[in-house]
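Asker: Pasting in a structure now, in structure tokens, and then I'll have a few things to ask.
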């Protein structure tokens with residue numbers, strides 16, 4: 001009897017090894033390659049956004065665009081993009097089995113599940129394809145959240161941009177007695193040069209005629225510039241009014257995702 005049990009176990013083991021069960025979820029290479037593919041696809045929109053932001057920084061603080069202060073945001077983005085996207089797509093939304101209970105209580109995969117077009121939110125390529133508009137929105141909004149974090153005043157990336165701008169500016173920090181004059185004069189200058197859509201309160205940086213700036217108000221103004229450039233402009237870069245047409249890649253991404261079992 002012991003011999004027969006051993007033979008049965010070995011038979012099951014051999015069959016399992018030779019004919020493994022097919023994967024029914026986006027795991028391993030599916031997760032890493034899909035995330036990497038999205039980062040690759042977002043390269044151009046992110047580059048466009050950084051270019052726009054760099055121009056705004058240069059115009060607002062009268063520094064050469066060659067200073068490329070927005071590059072510090074790009075470096076910070078590359079450090080967090082993969083982890084942020086992977087977490088937003090997979091464990092946070094597309095996860096778990098697709099099986100559902102039937103009337104008699106058994107669990108079965110609905111038609112199209114796990115692939116190629118699964119109408120159940122679960123962790124399979126077929127589910128990602130069926131709910132592609134959701135997947136697209138996740139990737140776009142996750143980028144917006146990343147940019148919001150990178151441009152917070154207490155973030156390392158914000159401080160790196162600030163240092164870059166200060167090093168490129170000819171003006172130096174004002175003594176306290178001159179700060180109010182700088183604030184008033186530049187507020188008037190900024191109101192005349194820039195549209196309301198870019199202004200958040202009064203701008204208190206410096207003008208070409210100024211020889212110094214107020215540090216506290218300068219930092220707030222830099223924050224406003226980065227928020228306007230990186231966060232508020234992101235929907236326009238992706239063409240939000242046209243279903244994020246410039247950050248969609250539906251046909252290509254569906255084909256890419258479905259190559260995984």
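What follows draws every value from the coordinates through simple rules; no lab data is involved. In this text, all values refer to a predicted model and were calculated from it rather than measured experimentally. Every residue, glycine among them, receives a Cβ derived from its backbone with ideal geometry; neighbour counts consider all protein chains shown.
Asker: According to a simple spin-label model (label point 7 Å from Cα along Cα-to-Cβ), what is the distance in nm between residue 255 and residue 48?
Answerer: Between residue 48 and residue 255, the simple spin-label model gives 2.2 nm.
Asker: Could I ask something else about it? For the stretch 38-73 and the stretch 208-260, what is the centre-to-centre distance using only Cα atoms, to the nearest Å?
Answerer: 10 Å
Asker: Let me ask something else. Based on the mean of other beta carbon atoms within 10 Å per residue, what is the order of 34-44, 122-132, 239-249, most packed first?
Answerer: 122-132, 34-44, 239-249
Asker: Using the eigenvalues of the Cα gyration tensor, what equivalent ellipsoid semi-axes result for the stretch 29-128 when each is taken as the square root of five times the eigenvalue, whole Å, largest first?
Answerer: 44, 11, 10
Asker: Quickly rank 250-260, 104-114 as a protection proxy: mean count of other C-beta atoms within 10 Å, highest first.
Answerer: Highest mean packing first, the order is 250-260, 104-114.
Asker: Report the extension gain between residue 33 and residue 163 in nm, rounded to one decimal, defined as 0.36 nm multiplied by the number of residues separating them, less their alpha carbon distance.
Answerer: 43.2 nm
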